[in-house]
Amino acid sequence: MASEKHFKYVILGGGVAAVRIRREGVRQAGRPARGARHHLQGVRTSLYLPARRMASVAPYERPALSKGYLFPQNAARLPGFHTCVGSGGEKLLPEWYTEKGIELILSTEIVKADLASKTLTSAAGATFTYETLLIATGSSTIKLTDFGVQGAESNNILYLREIDDADKLVAAMQAKKDGKAVVVGGGYIGLELSAALKINNFDVTMVYPEPWCMPRLFTAGIAHFYEGYYASKGINIVKGTVASGFDADANGDVSVVKLKDGRVLDADIVIVGVGGRPLTGLFKGQVEEDKGGLKTDTFFETSVAGVYAIGDVATFPMKLYNEPRRVEHVDHARKSAEQAVKAIKAKESGESVAEYDYLPYFYSRSFDVAWQFYGENVGETVLFGDNDPAVAKPKFGTYWVKDGKVIGVFLEGGSADENQAIAKVARAQPPVADVEALGKEGLDFATKI
Ligand code: FDA
Ligand code: NAD
């Protein structure tokens, strides 16, 4: 007979946000008495990871997969990057969960959620009932097979979301040593993976449809630096077209990428990074949705009382910009989880919690370059510093100015203090009278605030 279990709190998902919930719950509840299975005010809680495409490992820092995990030497490996090391916290090994009385249920995919009866059902038919549910299912990867791209099911056309995807990539890099790689997509995955493949001595070509890379954040001036820098590392960039089909060899391994503009590229490995989709399907028709995510209030509670959504799946009121937003980044995954725990505990004790006041923060690094961005990338832009890709020590940035105020700042090559300074500017939104003068003043404008 399929098993049935009841928990006061169930956390669905085992990613960055879910684990922060666990750690925050433990921190706020205080250390439980030895042997007690008590968290989030003394109740058993549970954490689920799906069997689908997933190794049975405790939660880890997903950003490591596109960076240190792919280094040819001294690569990051578990247990080195279990959560919460990415934010300077203690490393949560499987023992941590046991010690804290948290039931960590691995290799279990929830295939049905019935919010009315407060019941989750796994692929194996086990049921889990709860009093409070925290949805932290994150995102899935958009696949070229989703659009019926011809030949997209060939071997070595790879994606990156989970650790077993990263293992497949590492195995493919070993099997196709010093070969040709085509990277489809010019966003985060495209830029970070092109660099990783180049460092592993692949002949790399990037393909993306837009006029410049990372168009959802970068201006033409910012992209000018990274495209030139990547070219100087030997990466070929093909813009303004998409992969429209693939040929495979007799083993079924991808051998050719056909582009929509008629060009063809030889390939031993193809990496696809064409975006993600929040995993909200289990809750369709049961909770209110907005902007592709599960709509929450400032405490991350959804339209169904006692059901919270955090991380990539949550569309929450962004106080700073006074509108609902969904954010697919690790910093928000951590902070939304902390806010939800505070709110749950406050509700139980009758206390109040301040509204979530998030400042958007994005970052990336590849080769020897690293950037950070804070705030909002709308309005007029002002480039400062030298964005020449040939410069020895790159340091440049961009301010976004709207309604006479600086509302967003990008900085490549900033020190810790300088990055803190740009965060402060994006939060404070100082007025600027003369945009041209702001460009001339450059980073000094931020550091003196
Ligand atoms: P996350 O995706 O981390 O976790 C979701 C969990 O839910 C997974 O364990 C999943 O398997 C599970 N799940 C889903 N459906 C389920 C079901 N039906 N049953 C059971 N379990 C289910 N961000 C950033 O700010 N800086 C960076 O450098 C990077 N780098 C980066 C690299 C790579 C390769 C990826 C894929 C992503 C990043 N990100 C990033 C984005 C960041 O990792 C992401 O925004 C957070 O992990 C989101 O955290 P969540 O907890 O919301 O989802
Ligand atoms: P993305 O949205 O950053 O970029 C997708 C890119 O693919 C865009 O440039 C888009 O125009 C392009 N594209 C779309 N369709 C295409 C097609 N048919 N052919 C070629 N290009 C196409 O998404 P991603 O890079 O796939 O990243 C997935 C997720 O992982 C996101 O949530 C992202 O935030 C996260 N991630 C973040 C980091 C980081 O923050 N440093 C690093 C890696 C991944």
## Note on the structure
With a ≥ b ≥ c from the Cα gyration tensor eigenvalues, square-rooted, and the rule rounded for a/c under 1.5, otherwise prolate when a/b > b/c and oblate otherwise, the chain is oblate
### Task
Treating only the Cβ atoms of Lys and Arg (+1) and Asp and Glu (-1) as charged, compute the dipole magnitude of the stretch 368-447 about its Cα centre; round to the nearest 20 debye.
220
### Summary
Sorted by chain and number, the residues with a modelled amide H under 5 Å from that of K405, at a separation of 5 or more or across chains, are V432
### Summary
As a percent rounded to 5, the proportion of antiparallel DSSP bridges among beta bridges in the stretch 144-274 is 30
### Query
Where does the charge balance sit around P360 when Lys and Arg score +1, Asp and Glu -1, over other residues with C-beta under 15 Å from its C-beta?
+4
### Query
Hey, which aspartates and glutamates would be in cross-link range of K180, C-alpha to C-alpha under 18 Å, not counting anything within fewer than 8 residues on its own chain?
E192, D203, D247, D249, D253, D266, D268
#### Entry: Pairwise FRET efficiency - A433 versus R263, Cβ, R0 = 45 Å, nearest 0.05
0.40
## Note on the structure
Reduced to Cα centres, the span from the stretch 398-435 to the stretch 192-267 in Å works out to 31
## Note on the structure
Checked the stretch 363-431 with the C-alpha gyration tensor, a ≥ b ≥ c its square-rooted eigenvalues, rounded below a/c of 1.5, otherwise prolate if a/b is larger than b/c and oblate if not; verdict prolate
### Task
Determine the percent antiparallel among the DSSP beta bridges restricted to the chain, to the nearest 5.
60
### Message
Test of understanding: ordering C213, C84 by Cβ neighbours within 10 Å, fewest first, what list do you get?
### Response
C84, C213
### Task
Starting from the Cα gyration tensor of the stretch 63-187, take the square roots of the eigenvalues, sort them a ≥ b ≥ c, and report rounded, prolate or oblate (rounded when a/c is under 1.5, otherwise prolate if a/b is larger than b/c, else oblate).
oblate
### Message
Between the stretch 80-115 and the stretch 323-353, what is the separation of their alpha carbon centroids in Å?
### Response
18
## Note on the structure
Net charge near F445 (other residues with Cβ under 13 Å of its Cβ; Lys, Arg +1; Asp, Glu -1) is -1
### Query
Arranged by the count of other C-beta atoms within 10 angstrom, fewest first, what order do K177, K143 take?
K177, K143
#### Entry: Surrounding net charge for A428, when Lys and Arg each add one and Asp and Glu each subtract one, Cβ distance under 15 Å
+3
## Note on the structure
Counting only residues 5 or more apart in sequence or on a different chain, those whose built amide H sits under 5 Å from that of Y130 are F7
## Note on the structure
The FRET efficiency for N74 and E355, from their Cβ-Cβ distance with R0 = 51 Å and rounded to 0.05, is 0.75
### Query
Setting aside same-chain residues fewer than 8 positions from K395, which lysines have a Cα under 22 Å from its Cα?
K67, K233, K424, K440, K448
### Message
Can you tally the lysine pairs in the stretch 239-335 where the Cα-Cα distance is under 19 Å and the two residues are eight or more apart, or on different chains?
### Response
7
### Message
Can you find, among I310, M206, L359, the residue sitting farthest towards the positive end of the charge dipole of the chain, where Lys and Arg contribute +1 and Asp and Glu -1 at Cβ?
### Response
I310
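No lab work stands behind these numbers, since they all come straight from the coordinates. Quick caveat: nothing in here was measured; it's all calculated off a predicted structure. Quick reminder, even Gly has a Cβ in these numbers, built from the backbone with ideal geometry, and neighbours come from all protein chains shown.
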